[in-house]
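The values are calculated or read from the model by the stated rules, or taken from the named source; none is laboratory data. Computed from a predicted model, the values in this text were never measured in an experiment. Glycine also receives a Cβ, built like all others from the backbone with ideal geometry; neighbour counts cover every protein chain displayed.
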Amino acid sequence: MTTPRAAVAFALITAAALALTGCGSGTAPGGAGGPAGGAAPAGGAADALPTTDVLAGVRRDEAAIRLLPADVRERGTLALASAVGSPPSSAYLPDGRTFVGIDADVADAVAKALGLKLKREVAGFEAILPALGSGKYDVGTGNFGVTEERRKSIDFVTYVNDGQGFAARADSDLAAVTDLVQLCGRKVATGAGTTFERTLEEQKDRCAQAGKPAYEVNVFNEPGAVWMSLQQGRSDVVMSTINGIRYAVRQQPGTKFLNEYRRLDVGFAFKKGTALAPAFQAAVNGLKADGSYDRILRKWGVTASAIPASRISPPEIPGPVPGGAKAATPK
């Protein structure tokens, strides 16, 4: 999704998907679909995006500013590419122009702390990481999970912890997906160019190894289309971000959150070898110290996704191993 017009189209698709189930209250089935941390997003009705200003208290962080490259301090701007996914990570308000979400609030707070003005451009999720390497943008946001494959060509500065999760219709016989073999013979909807698509494709042969029919991966470029495919019965399961799924099922009666499959740190993305990373890391940690970081996460109902401290390109958090056993988490 690359333009406000496309964002409006996404809103219409989502509205249509909700209409299929007569959504009105935004109540989660059985309470299972509430945001991480158990709190509803602030800002009014359950189906409204919060608009509370949580950045008013952000002040210049002189220590972080001193870590900026001299040329960046001098020009005072950064080119930011933002992918529009789904709430609470990123979305447009109904006006089709105002970009909001965790990504937007954290980026704006960091820019304010660093005394910089962001020149934000909305770009397709799959296009941002390659464009960073070419120098088109200084930094990118899009709920980018830190993976070993991405670390080969991209530097990250972490600011939240999210990951991979599953959802299904409320009448599904699935209660949780702890092993991808449980998906064999089913249709799984997910986003194009994501870690979800990669995970599903890399593990697809496990169904044959288990003597079961393969699962089918249905890939969509727009989040609204993912959920519509589930509501219409063209897909049996959705695989997406943990926070995004929790938010979405809260808006859509007739769907349920299954479980967290694996966790991933999420960060600002930069070209490999960037000199901007130390300043961004210091700014994020400064926001944690002054309470601004917690206010942002409370606004979006994702306090369970807080990180203890920002890190630069940390190792990927190991995911579930075949058979559903839990892998160790690095310290």
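If you go through segment 179-190 and keep only what is within 17 Å of GLY233 (Cα to Cα) and either touching an Asp or Glu at 6+ places or on another chain (Cβ under 6 Å) or crowded, with 16+ Cβ neighbours inside 10 Å (or both), you end up with LEU183, CYS184, ARG186, LYS187, VAL188, ALA189, THR190.
Scanning segment 282-318 for residues that are surrounded by fewer than 23 Cβ atoms within 10 Å (Cβ to Cβ), not β-branched (Val, Ile, Thr) and not in a helix (DSSP H, G or I) yields GLY291, ALA306, PRO308, ALA309, ARG311, SER313, PRO314, PRO315, GLU316, PRO318.
Screening segment 280-317 for residues that are out of contact with any helix residue (DSSP H, G or I) (no Cβ under 8 Å at 6 or more places or on another chain) and of a type in the set (A, V, I, L, M, F, W, C) and picking the one that is nearest to LEU116 (Cα to Cα) gives ALA289.
Looking at this structure, is THR141 of a type in the set (S, T, N, Q), in the same structural domain as VAL72 (by TED's automatic domain parsing) and touching a strand residue (DSSP E or B) at 6+ places or on another chain (Cβ under 9 Å)? When the stated conditions are applied, THR141 passes them. For ALA269, the requirement of being modelled with pLDDT of 95 or more and assigned to a strand (DSSP E or B) is met. Scanning segment 202-226 for residues that are over 20 Å from GLY254 (Cα atoms), under 20 Å from the mean Cα position of the chain (by Cα) and not in a strand (DSSP E or B) yields ASN221, GLU222. Restricting segment 202-238 to residues that are among the acidic types (Asp, Glu) and more than 23 Å from GLU149 (Cβ to Cβ), the residue that is surrounded by the fewest Cβ atoms within 10 Å (Cβ to Cβ) is GLU216.
Look at segment 191-212: where a residue is among the charged types (D, E, K, R) and a partner is not in a loop (DSSP other than H, G, I, E, B), sitting 6+ places away or on another chain with Cβ atoms under 7 Å, you get GLU197/THR190; GLU197/GLY191; GLU197/VAL217; GLU197/VAL219; GLU201/VAL217; ARG206/LEU180; ARG206/VAL181; LYS212/VAL181. A Cβ distance below 7 Å, combined with a sequence gap of six or more or placement on separate chains, defines the contacts here; from segment 46-62, residues that are exposed (fewer than 15 other Cβ atoms within 10 Å of the Cβ) reach residues that are hydrophobic (A, V, I, L, M, F, W, C) and modelled with pLDDT of 95 or more in the pairs ARG60/ALA113.
Quick check on segment 65-77. Is at least one of its residues assigned to a strand (DSSP E or B), within 19 Å of ALA279 (Cβ to Cβ) and modelled with pLDDT of 50 or more? Yes - at least one qualifying residue is present in segment 65-77. Across segment 112-158, the qualifying residues are those that are surrounded by fewer than 19 Cβ atoms within 10 Å (Cβ to Cβ) and assigned to a loop (DSSP other than H, G, I, E, B), and the one among them that is nearest to the chain's Cα centre (by Cα) is GLY124. Among the conditions (1) modelled with pLDDT of 95 or more; (2) of a type in the set (A, V, I, L, M, F, W, C); (3) not in a strand (DSSP E or B), ALA248 misses just one, which is (1).
Out of SER235, SER229, one residue alone is modelled with pLDDT of 95 or more, over 30 Å from GLN281 (Cα atoms), assigned to a loop (DSSP other than H, G, I, E, B) and among the hydroxyl-bearing types (Ser, Thr, Tyr). It is SER235. The listed residues are THR199, THR241, and the only one of them that is under 19 Å from ALA123 (Cβ atoms) and crowded, with 18+ Cβ neighbours inside 10 Å turns out to be THR241. Taking the listed residues GLN182, GLN164, GLN209, GLN251, the one that is more than 30 Å from SER292 (Cβ to Cβ) and touching a Leu at 6+ places or on another chain (Cβ under 8 Å) is GLN182, with no other qualifying.
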